[in-house]
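Every number in this text was worked out from the coordinates using simple rules, so none of it is lab data. Remember, predicted model here, so these are calculated numbers, not experimental data. Note that each Cβ is placed from the backbone with ideal geometry, even for glycine, and that neighbours are counted across all protein chains shown.
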There are 2 protein chains.
Amino acid sequence: MTRWLDADEQHAWRSFLAATQLIYEALDRQLQRDAGMPHTYYMILVALSEAPARSMRMSELAARAQSSQSRLSHAVARLEERGWVRRERCPSDRRGNVAVLTDEGFAALAAAAPGHVEEVRRSLFDVLTPEQVRDLDEICSAVRNTLER
Amino acid sequence: MTRWLDADEQHAWRSFLAATQLIYEALDRQLQRDAGMPHTYYMILVALSEAPARSMRMSELAARAQSSQSRLSHAVARLEERGWVRRERCPSDRRGNVAVLTDEGFAALAAAAPGHVEEVRRSLFDVLTPEQVRDLDEICSAVRNTLER
DNA sequence: ACCAAGTATATGAGAGTTCAAGTAAACTGC
DNA sequence: GCAGTTTACTTGAACTCTCATATACTTGGT
């Protein structure tokens, strides 16, 4: 009944698990060490920094930063304590909240970005050929098309 | 100074983050729901099940299951509470511990495996062509060769 | 206007992870 | 043969994440 993985698939799968974990660990370690935040927080700050008025509804932000609503809510609470983000009541829909990136938050992101990009290069792009980057992009698109609702 | 990502790299990177997170979330949800364990625990059980006598030194196990020593130590403590793993003092090196997969642990793994493999197929292999699987394998090998150790 | 159902977010508890110490045993050189 | 270092593993605290639940507002019928 069960369609087990054949030898090639096994190898690819384990290699995938190893490689992706190595990358995520490298990212998290670098960001934690040099910027005092986990990668998930970094993604939140990035998403906010790219939004008009550096602000976004919580649910929209959760989608952009690939976070669950609950995770985002907790994370923004922490970011708020640090003064990097501020929450405002949404005027048009009083259920809603808008997260706003503060200047301090933007500065923290700007300070963190170069080291982070360097780490992204070191752990992924520097080890791949341009063709492999294209291959990877297509592979990831295929996965997203299936798993993203 | 900073070598920022160009548009293609940006796209590939964000697609990579999205796709890998989707896969990990799918894995974790399925295992948690159907087998009551996170994916990291599953990897520990798999590693043990493949070892001679279904047992391994803690540090060796950490390496095989791609876990930090600390994480493994906590995880094995939990698995021990469930009766899935047992710890024995290592006779040759009295600093060491040997983790042993119990019959209950093996049974839990055997029960979890089919659903897990199904999820792995659904989220990765079913959406890729055989050539993409080969590409992915090579990409991951390249990453591992650089980041491992 | 009212009430049921749906939406947006928060919150608390429980579980897992990390980091920094801590313990204990094994090497290493003199 | 014993100080000093390294190795193997554990522990506790702080933090993050998940899941279930709660709260507050909105919307759609009637």
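Among B:HIS74, B:LEU147, B:ALA110, whose Cα projects farthest towards the positive end of the dipole of chain B, with charges put on the beta-carbon of Lys, Arg (+1) and Asp, Glu (-1)?
B:HIS74
Taking the Cα centre as origin and putting +1 on Lys and Arg beta-carbons and -1 on Asp and Glu beta-carbons, what dipole magnitude results for the stretch B:12-147, to the nearest 20 debye? Walk me through the intermediate numbers first.
Values: 18 positive and 18 negative charges, 120 e Å.
Magnitude of the dipole: close to 580 debye.
Which of B:TRP4, A:TRP13, A:TRP84 comes first, and how do the rest follow, when ranked by fewest Cβ neighbours within 10 Å? Please list the in-between numbers first.
Working: B:TRP4 11, A:TRP13 20, A:TRP84 23.
Final ranking by Cβ density, sparse to dense: B:TRP4, A:TRP13, A:TRP84.
Considering every residue in B:65-73, what mean count of other chain Cβ atoms within 10 Å of its Cβ is obtained? Write out the running numbers ahead of the final one.
Working: counts 0, 6, 1, 1, 0, 0, 0, 0, 0.
That works out to 1 on average.
Just to be sure I understand the model, the point goes 7 Å from the Cα along the line to the Cβ. What's the resulting A:ASP93 to B:GLU50 distance in nm?
4.7 nm
Once the other residues with Cβ under 13 Å from the Cβ of B:ARG89 are scored (Lys, Arg +1; Asp, Glu -1), what is the net sum? Show your work: numbers first, answer last.
Values: positive: B:ARG57, B:ARG86, B:ARG87, B:ARG94, B:ARG95; negative: B:GLU88, B:ASP93.
After counting each charged neighbour, the total is +3.
Of the candidates B:VAL117, B:VAL85, B:VAL46, which one comes out as most mobile in a Gaussian network treatment of chain B with C-alpha springs shorter than 10 Å?
Result: B:VAL117 has the largest fluctuation of those listed.
Can you sort A:GLU131, B:GLU119, B:GLU25 from fewest to most other Cβ atoms within 10 Å of each residue's own Cβ? Could the numbers behind the result be given before it?
Working: A:GLU131 9, B:GLU119 19, B:GLU25 15.
Result, fewest neighbours first: A:GLU131, B:GLU25, B:GLU119.
Return the whole-Å distance between the Cα centroid of the stretch B:97-122 and the Cα centroid of the stretch A:51-76.
Distance between centres, Cα-based: 35 Å.
Shielding by partners for B:111-120, please: the mean number of other protein chain Cβ atoms within 10 Å of each residue's Cβ.
Mean partner shielding for this stretch: 2.
Can you put B:THR20, B:THR2 in order, fewest other beta carbons within 10 Å first?
Details: B:THR20 18, B:THR2 11.
Ranking B:THR20, B:THR2 by Cβ neighbours within 10 Å, fewest first, gives B:THR2, B:THR20.
Can you list which of the trypsin sites (Lys or Arg not before Pro) found in the stretch B:1-91 are DSSP loop residues with at most 14 other C-beta atoms within 10 Å? Don't skip to the answer; put the middle values down first.
On the way: sites: B:ARG3, B:ARG14, B:ARG29, B:ARG33, B:ARG54, B:ARG57, B:ARG64, B:ARG71, B:ARG78, B:ARG82, B:ARG86, B:ARG87, B:ARG89; in loops: B:ARG3, B:ARG82.
Passing both the DSSP loop test and the Cβ count: B:ARG3, B:ARG82.
Cβ under 10 Å from B:THR2's Cβ, B:THR2 left aside: what net charge do those residues give with Lys, Arg +1 and Asp, Glu -1?
+1
Given contacts defined as C-alpha pairs under 8 Å and at least six residues apart, what's the relative contact order of chain B, whole-number percent?
Values: 121 pairs, mean separation 33.0, N = 149.
Over chain B, the number comes to 22 percent.
Starting from the Cα gyration tensor of the protein assembly as shown, take the square roots of the eigenvalues, sort them a ≥ b ≥ c, and report rounded, prolate or oblate (rounded when a/c is under 1.5, otherwise prolate if a/b is larger than b/c, else oblate). Mind dumping the intermediate values first?
Details: a/c = 1.76, a/b = 1.53, b/c = 1.15.
Prolate shape, in that a/c is at least 1.5 and a/b is the bigger ratio.
If we count every other residue with Cβ under 9 angstrom of A:VAL133's Cβ, Lys/Arg +1 and Asp/Glu -1, where does the sum land?
Working: positive: A:ARG134; negative: A:GLU131, A:ASP135, A:ASP137, B:ASP8, B:GLU9.
That works out to -4.
Quick one: helix A:130-147 against the long Cα principal axis of chain A, what's the angle to the nearest 10°, folded into 0 to 90?
Approximately 70 degrees, to the nearest 10.
As a check on your grasp of the helix formula, calculate [θ] at 222 nm for the protein assembly as shown: sum -39500 (n - 2.57) over DSSP H runs of n ≥ 4, divide by the residue count, round to the nearest 500. Please report the intermediate quantities before stating the final value.
Working: 12 runs with 200 residues, N = 298.
Only helices count here, giving -22500 deg cm²/dmol.
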